[in-house]
Amino acid sequence: MIPMLLVEAWQFILAHPERFLTALWTHIALSASALGIAIAVAVPAGVWIAHTRRAALIAINAANIGRTLPSLAILALMMPLLGTGFAPALFALTLLALPPILINTCTAI
């Protein structure tokens, strides 16, 4: 049996396709932008620090500390500076994507 909430969500999508597609495109653009920025920053940094054990240890430990920050806390801290909307969400998602990319790049090298 399909939960009623899913049925109502599907009915809303069928009733408002333009609104759904706009929100979907915004979501895809936000996710892709955050991932692109994180890759552009973390991969070169991971390659650079992988050659020095001390730098790798410090960077990986700092990245692991960064992984413990909740996304809503980051978003709440950025709202007074960046307002609401795309910019603070992009900042929070980019910050959350950096540690795993940095750690895995450093480990791979």
Revision key, fill the gap. Any helix of the chain counts here only if DSSP assigns it H throughout, its Cα atoms span 20 Å or more along the axis, and its mean Kyte-Doolittle hydropathy is at least -0.5, and such helices are 17-49, 53-67, 86-108
Exercise for review: Quick one: among 21, 75, 30, which has the greatest mean-square fluctuation in a GNM of the chain with alpha-carbon springs under 10 angstrom?
Suggested key: 21
Practice item. Let me see the pair-distance distribution of region 45-84: every alpha carbon pair, 5 Å bin width, integer percents in order. Key: 6, 22, 18, 14, 12, 14, 11, 4, 0
Revision key, fill the gap. Note to self, the chain gives a 222 nm [θ] from helices alone (DSSP H runs n ≥ 4, -39500 (n - 2.57) apiece, / all residues, nearest 500) of -30000 deg cm²/dmol
Point to revise | Probe 1.4 Å, protein heavy atoms only - accessible area per residue of the chain in square angstrom | key: 71
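List the relative contact order of region 15-106 as a percent without decimals, with contacts defined as Cα pairs under 8 Å and 6+ residues apart. Working shown, then result.
Working: 73 pairs, mean separation 43.7, N = 92.
Relative contact order for region 15-106 comes out at 47 percent.
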Check your understanding: If you take the Cα Rg of region 5-109 and divide it by 2.2 N^0.38 Å, with N the number of residues, what do you get?
Key -> 1.37
Practice item. For the chain, give the percent of accessible area contributed by carbon and sulfur heavy atoms, probe 1.4 Å, rounded to a whole number. Key: 74
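The values are calculated or read from the model by the stated rules, or taken from the named source; none is laboratory data. Computed from a predicted structure; not experimentally measured. Remember, those area values only see protein heavy atoms, side chains included, never the ligands or the DNA or RNA. Shrake-Rupley method; radii C 1.70, N 1.55, O 1.52, S 1.80 Å.
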